[in-house]
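See below for the structure under consideration.
The values are calculated or read from the model by the stated rules, or taken from the named source; none is laboratory data. Remember, predicted model here, so these are calculated numbers, not experimental data. So basically every Cβ, Gly included, is an ideal-geometry build from the backbone, and we count neighbours across all protein chains shown.
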Amino acid sequence: MPNLQSQIILPINLEIFSDEILKVTDTRDGSKWMYLGILFVQKEKKDQLLQQLNNLRCVNGHNWHPDPCVCESQCGYHDRNDTEIHYKELHHSDSRFRIAKNWISFVKDERYLKNDPPFYFNILGLNLTSMNLELFGEDSGRDLTIYNRFYRSAILGGLNYFFKGREIVIHDIFHDRGSQEHHRYFPWQVIHQIDLTNEKTTIIPSRIKFIDSDHRASRAVESHFIQFIDILLGATYVGLHNPSEEMAKKKIGFLFRPVLECLLDRRESDSGPWIGTYYQSKYHRTCQVSFFPKRRIDLDNAQLDPENFNRELRDGKFFFDREIQIIDPSITRFDQWFG
């Protein structure tokens, strides 16, 4: 007789961490973009992931302890490494750069992404030039209105794609402190709308928690995960736009390039099914980078209703085929001329 207990699929327990790049210009064609990054962490594996990320702060020994007196490495750089890892600040500190490199290498290591991984991430790029922005309100608050609506879509898209058919319990949603914290609707409306549209998802908190991304300021371990999604988001941004002359950022983007190439190798075949190296990789239904919309959309006021809006998202179609801009920063222009 089959063991019925072994056939029971338990709910997946998650905490969600988020960050954003609100508006950037693509220098090639002048298009405006916004990027949203969502990190899903399995609650039962949260401590394990935290220790793995912190071990990678210990650049020499990879065996981190919060008390430098107890740390086995005794490298003398503990306080320097116990800093906020932020994409924008990578070029200001060799420690930040080396730790960010370690985190990107961690994502590239297939051991941590196979068989019930501790984390999943969903990055969504919005081509604002392909939208009728006037339908999102006045200029002064437009970016936040757009972010509010697509933040919900980025979370739902990740939940539906990574955990298809599973019962889900969301124990907390964390966001880096910023203007969203003071938005009239953002802290609670996202949760309310997800509750309405996803019957297999239970959300325990009633509001998003805003915390400082610097763990030294927040005194919260959750800040480390905000830093982690910030680095993944920044590496994606560098890969797609190559915006900076700062070598540290270029190197992080180039290190992430093989991951990004795999994530974007997704296309419909002539016979219908989707094909590409992504579907044979360890990243399939674990990590995702997508873009919206594939073609210009003009939403009328009725379609800004949440139910119709989400249907319009599906009809507008997400896409993946963006050109990766970052090249090996060690190659000079002179090398390129004669290579």
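Being in contact with a Ser or Thr (Cβ under 8 Å, 6 or more places away or on another chain) and surrounded by fewer than 19 Cβ atoms within 10 Å (Cβ to Cβ) is the filter here, so list the residues in the range 223-249 that pass it.
Applying the first criterion (in contact with a Ser or Thr (Cβ under 8 Å, 6 or more places away or on another chain)) to the range 223-249 yields 223, 226-227, 229-230, 238, 241, 243.
P243 - this is the single residue of the range 223-249 that is in contact with a Ser or Thr (Cβ under 8 Å, 6 or more places away or on another chain) and surrounded by fewer than 19 Cβ atoms within 10 Å (Cβ to Cβ).
Is one or more of the residues making up the range 154-167 farther than 22 Å from C287 by Cα, of a type outside the set (S, T, N, Q) and either out of contact with any strand residue (DSSP E or B) (no Cβ under 9 Å at 6 or more places or on another chain) or modelled with pLDDT of 90 or more (or both)?
Taking the range 154-167 and keeping what is farther than 22 Å from C287 by Cα, we get none.
No, the range 154-167 contains no residue that is farther than 22 Å from C287 by Cα, of a type outside the set (S, T, N, Q) and either out of contact with any strand residue (DSSP E or B) (no Cβ under 9 Å at 6 or more places or on another chain) or modelled with pLDDT of 90 or more (or both).
Would you kindly identify the strands (runs of 3 or more DSSP E) lying entirely within the range 165-241 that contain at least 3 residues that are under 14 Å from L39 (Cα atoms)? Outline the logic, then answer.
Numbers: elements: 168-176, 201-203, 209-211.
Once the strands (runs of 3 or more DSSP E) in the range 165-241 are filtered for at least 3 residues that are under 14 Å from L39 (Cα atoms), what remains is 168-176.
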Of the residues in the range 210-222 that are without any contact (Cβ under 8 Å) to a residue 60 or more places away in the chain and touching a His at 6+ places or on another chain (Cβ under 9 Å), the one that is surrounded by the most Cβ atoms within 10 Å (Cβ to Cβ) is I211
A careful count of residues in the range 184-209 that are crowded, with 18+ Cβ neighbours inside 10 Å and over 18 Å from A154 (Cα atoms) gives 0
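Out of all the residues in the range 51-65, is one or more closer than 27 Å to D26 by Cα and either touching an Asp or Glu at 6+ places or on another chain (Cβ under 6 Å) or modelled with pLDDT of 90 or more (or both)?
no
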Starting from residues that are within 17 Å of I85 (Cβ to Cβ) and outside any helix (DSSP H, G or I), keep the ones in the range 242-264 and report whichever is modelled with the highest pLDDT. E246
Restrict the check to the range 149-156 and report whether at least one residue is in contact (Cβ under 8 Å) with a residue 40 or more places away in the chain, within 22 Å of K32 (Cα to Cα), of a type in the set (D, E, K, R) and surrounded by 14 or more Cβ atoms within 10 Å (Cβ to Cβ). yes
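What residue, among those in the range 268-296 that are surrounded by 11 or more Cβ atoms within 10 Å (Cβ to Cβ) and of a type in the set (G, A, S), is farthest from N115 (Cα to Cα)?
The qualifying residue farthest from N115 (Cα to Cα) is S290.
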Set L264, L255: member being surrounded by 19 or more Cβ atoms within 10 Å (Cβ to Cβ), among the aliphatic types (A, V, I, L, M) and under 24 Å from I146 (Cβ atoms): L264
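Got a number for residues in the range 89-121 being of a type in the set (D, E) and either buried (at least 17 other Cβ atoms within 10 Å of the Cβ) or on the phi > 0 side of the Ramachandran plot (or both)? Spell out the reasoning first.
Of all residues in the range 89-121, those of a type in the set (D, E) come to 89, 94, 109-110, 116.
Right, trim to either buried (at least 17 other Cβ atoms within 10 Å of the Cβ) or on the phi > 0 side of the Ramachandran plot (or both) and you get 116.
Residues flagged as of a type in the set (D, E) and either buried (at least 17 other Cβ atoms within 10 Å of the Cβ) or on the phi > 0 side of the Ramachandran plot (or both) within the range 89-121 amount to 1.
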With (1) part of a loop (DSSP other than H, G, I, E, B); (2) of a type outside the set (F, W, Y); (3) under 25 Å from G157 (Cα atoms) as the list, and K46 as the residue in question, which single condition is left unmet? (1)
